[in-house]
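The values are calculated or read from the model by the stated rules, or taken from the named source; none is laboratory data. Treat the numbers as computed from the prediction; the structure is a model and nothing was measured. Backbone-built Cβ (ideal geometry, glycine too); neighbour counts: all protein chains shown. Protein only, heavy atoms only, side chains kept; ligands, DNA and RNA dropped before computing areas. Shrake-Rupley method; radii C 1.70, N 1.55, O 1.52, S 1.80 Å.
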Number of protein chains: 2
Amino acid sequence: MASTPRVVIVGGGFAGLWATRALARAAVQITLIDRCNHHLFQPLLYQVATAGLSAPDIAAPLRHILRRQRNVTVLLDEVTAVDTDAQQIALHRHAPIDYDYLLIASGATHAYFGQSQWAEHAPGLKTLDDAFAIRRRILTAFERAEAESDPQRRAAWLSFVIVGAGPTGVELAGTLAEIARHTLSKEFRRIDPSQARIVLAEAGPRVLSTFPEQLSDKAREQLQALGVEVCTGQAITAIDAEGVSFADQRLPARTVLWAAGVAASPLARTLNVPLDRAGRVQVQADLSVAGHPNVFVAGDLATLQQDGKPVPGVAPAAKQMGAHVARVIRSRLAAQPAPAFRYSDVGNLATIGRMAAVVDLRGLRFSGLLAWWFWLAAHVFFLIGFRNRLVVLINWAVSYWTYQRNARIIVGTRSETEKPP
Amino acid sequence: MASTPRVVIVGGGFAGLWATRALARAAVQITLIDRCNHHLFQPLLYQVATAGLSAPDIAAPLRHILRRQRNVTVLLDEVTAVDTDAQQIALHRHAPIDYDYLLIASGATHAYFGQSQWAEHAPGLKTLDDAFAIRRRILTAFERAEAESDPQRRAAWLSFVIVGAGPTGVELAGTLAEIARHTLSKEFRRIDPSQARIVLAEAGPRVLSTFPEQLSDKAREQLQALGVEVCTGQAITAIDAEGVSFADQRLPARTVLWAAGVAASPLARTLNVPLDRAGRVQVQADLSVAGHPNVFVAGDLATLQQDGKPVPGVAPAAKQMGAHVARVIRSRLAAQPAPAFRYSDVGNLATIGRMAAVVDLRGLRFSGLLAWWFWLAAHVFFLIGFRNRLVVLINWAVSYWTYQRNARIIVGTRSETEKPP
């Protein structure tokens, strides 16, 4: 008896989840492995970090999303190694699992350009835990400023530096400016939160460098209108608990957020295949790995050139890659040839803050209020099967009209300083 | 110039917040001090622990609640000592603060009857951090059971013991039964969550001992109908990582939750006044402390006999005490006599689970579905100024009809096992 082909998918992000769903009717048995119990709608993670949304608004348990897809088993575990010869993966908690087809879609984490000591002072934003840590730092900084009587130290608590002006950095900076100027106004008695300094530091020459230059300019204008100091062409040379240093100046700031470097998941290294500088796997045209036609890499962990430029590390590309891997597996099972992967660029959006965004739809470019509404509609629409789109919309509508942010709750402070009882 | 009288209020729970609000028009300057940045609607905390609600649904920043009350300064800090002679309190982070009137309402925490080694195996439920820890344990237990191949060890992961059958223990047990039987059904491939064992262990003779006996019986019936094993008259003699022991039996269970003992905040000890066995302050008829007419204690930290029985440690009593202290302070400022505190018993409610509750309204007693609707209406109504009553209602309505629980997201696992990067 020929047994059902075993497909192992590592990572329940956009690539892994889309591949899993696209195999719903295939005669395979799928094991989906993730370290977290939830799929995360990462494009809105900055809203959790800035207390606009709470975690369940943008995350749903993988088991719940896939409960009706009977050919999937979800495992909460971490893959420790891949043995492509034995066609087996090793897990932290479970026994090793054999595969006939393997998709690795474990994504990326933040990287500090070799300056790992910066990590403790400048947290990045990739997971819900990261988002809670950043929320805690931001809210605590205003509290510390209120408690501080020395003007210089108070100013340092009211100074926020965001390193990196890609989409995440721009979102964080714009939202922080809104919090300082509107959300927290009237709540403090000693400090004026609107005096907070929000600095967006970018080593390159412009913000949102993956957008056309005219939209970068628009984004800079909108950021400045919100009260953000945009500081391009200046690389950070040091980050410590007291602030950041550039080549020729020092900026005291007690809150530094990292939105600059990205590094591929370390799992790529266990594959023994060539990686690019960021640790990503150079995949074949069908998204398989050189020398291993039944091993695929998709999402942020994969790098692929198309028409002379790299496929970008964005959610639509990850979804398309995941779905493509499923298509290749189905073709192989039917002994048919599979087409090469083609990234279909649906456009590029970035939000900047209240009523400010930039949109680039294959050359149709616009910014400002209209772009913001477009961004909002697209993101609410794509919040997949979370059955709380309505709640998210209400939360947003309320916070839009009142400038309030619902989730301004500091939790988890104890665990940072002392062991739980 | 006579300076404005300084009122210091320690604790932003029901007693402290109600006292603060009741002094809104008094010619005093108030400093409200809390370790947390939020007021917590504690009666619904078990819903956060069981993933039915998310933190912002039941918590709101104290600063935000009080932003328009200009005579209040909110400090995020911890009181380390009270010097009643110097009329000064010492703080962890701020300089000491002088007071003319002091209200201590720092509440209670859980106590383990001197068995502090039980704490790590049987977390209690008092703060949002506690709720997240319990949520993590519950959700992780089902994941571990799914990963476990040994039947005995799997059964231990699927066994849950709740120690103490007061309102919190009953709520946790009933909700856990609902999660196991309904919420998680169909999501696992190896285990059947409805096989989970939920044991409610109570040393005393009945559940909900502060209710009339007939309602205790009703509660027990409703718990059993939900699938909870109610185990009264059996004191726990040991708790460890593998389970619990009674006098004559051992129950393997990897998840034990503590809803039994309560101990007053340790701040009471620094007052040098007589305390009861649970560490609470025996207050005078006007809620002041013996020998210190300008120092008051209210809420769970205070103990007071009325008509031969103690005023219960419930939210309405705390609110009434807080408002009474404000009244006494206003009377003193006007050089008028203040009446003694009288607790007005508005009734006693406890929810058991889906459509099950008991209600005792001054002798009008009912249980079941009607009691549940009454409980729901009362709790939504009392969710003070959180501007998200609507969202809470929608969340509840959706989870009621779908049996789903929105907030089943495991976060914070890393911080328990390793230091953040």
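Key figures for this structure:
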| quantity | calculated |
| --- | --- |
| Residue in the stretch B:185-204 that is farthest from B:Ala219 (Cα to Cα), counting only those that are touching a helix residue (DSSP H, G or I) at 6+ places or on another chain (Cβ under 7 Å) and part of a strand (DSSP E or B) | B:Ile198 |
| Any hit, the stretch B:145-157, residues being more than 30 Å from B:His292 (Cα to Cα), open to solvent by less than 30 Å² (accessible area, probe 1.4 Å), out of contact with any Cys (no Cβ under 7 Å at 6 or more places or on another chain) and outside any helix (DSSP H, G or I) | no |
| Residue within the stretch B:177-197 that is under 22 Å from B:Leu369 (Cβ atoms), open to solvent by less than 10 Å² (accessible area, probe 1.4 Å) and at pLDDT 95 or above present | no |
| Some residue of the stretch B:76-99 being touching a residue at least 12 places away in the same chain (Cβ under 8 Å), at the interface with chain A (Cβ under 10 Å from one of its Cβ atoms) and surrounded by 23 or more Cβ atoms within 10 Å (Cβ to Cβ) | yes |
| Where a residue in the stretch A:279-299 is in the same structural domain as A:Arg327 (by TED's automatic domain parsing) and surrounded by 23 or more Cβ atoms within 10 Å (Cβ to Cβ) and its partner, wherever it lies, is outside any loop (DSSP other than H, G, I, E, B) and among the acidic types (Asp, Glu), with Cβ under 9 Å and at least six apart | A:Arg280/A:Asp300 |
| Qualifying residue in the stretch B:327-345 (condition: out of contact with any Asp or Glu (no Cβ under 8 Å at 6 or more places or on another chain), part of a helix (DSSP H, G or I) and without any contact (Cβ under 8 Å) to a residue 60 or more places away in the chain) | yes |
| Among the residues listed as B:Pro123, B:Pro96, the single one being touching an Asp or Glu at 6+ places or on another chain (Cβ under 9 Å) and under 27 Å from B:Arg25 (Cα atoms) | B:Pro96 |
| B:Leu349 vs. criteria over 27 Å from B:Gly16 (Cα atoms) and outside the structural domain of B:Ser288 (by TED's automatic domain parsing) | no |
| Any chance B:Leu23 is touching a residue at least 60 places away in the same chain (Cβ under 8 Å) and more than 19 Å from B:Ala298 (Cα to Cα) | no |
| Selection within the stretch A:14-38 - open to solvent by less than 30 Å² (accessible area, probe 1.4 Å), in a loop (DSSP other than H, G, I, E, B) and at pLDDT 95 or above | A:Leu23, A:Ala26, A:Val28 |
| Test result for B:Asp85, acidic (Asp, Glu), modelled with pLDDT of 95 or more and out of contact with any helix residue (DSSP H, G or I) (no Cβ under 7 Å at 6 or more places or on another chain) | no |
| Unique residue being in contact with an Asp or Glu (Cβ under 7 Å, 6 or more places away or on another chain) and either over 25 Å from B:Leu364 (Cβ atoms) or surrounded by fewer than 24 Cβ atoms within 10 Å (Cβ to Cβ) (or both) when the list is B:Gly164, B:Gly204 | B:Gly164 |
| Subset of the stretch B:50-72 (residues that are more than 28 Å from B:Pro123 (Cα to Cα), buried (at least 19 other Cβ atoms within 10 Å of the Cβ) and at the interface with another protein chain (Cβ under 9 Å from one of its Cβ atoms)) | B:Arg63, B:His64, B:Leu66, B:Val72 |
| Top-ranked residue in the stretch B:205-240 [being assigned to a strand (DSSP E or B) and of a type in the set (Val, Ile, Thr); ranked as nearest to B:Thr255 (Cα to Cα)] | B:Ile239 |
| Flag if B:Val328 is in the same structural domain as B:Asp83 (by TED's automatic domain parsing), hydrophobic (A, V, I, L, M, F, W, C) and touching a Leu at 6+ places or on another chain (Cβ under 9 Å) | yes |
| Verdict on B:Gln47 being over 24 Å from B:Ile89 (Cβ atoms) and open to solvent by 10 Å² or more (accessible area, probe 1.4 Å) | yes |
| The stretch A:238-259, residues that are over 22 Å from A:Gln152 (Cβ atoms) and over 22 Å from the mean Cα position of the chain (by Cα) | A:Ala247 |
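Conditions (1) aromatic (Phe, Trp, Tyr); (2) more than 11 Å from chain B (Cβ to nearest Cβ); (3) in a helix (DSSP H, G or I), marked per residue:
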| position | (1), (2), (3) |
| --- | --- |
| A:Leu102 | no, yes, no |
| A:His110 | no, no, no |
| A:Phe113 | yes, yes, no |
| A:Gly124 | no, no, no |
| A:Asp129 | no, no, yes |
| A:Phe132 | yes, no, yes |
| A:Thr140 | no, no, yes |
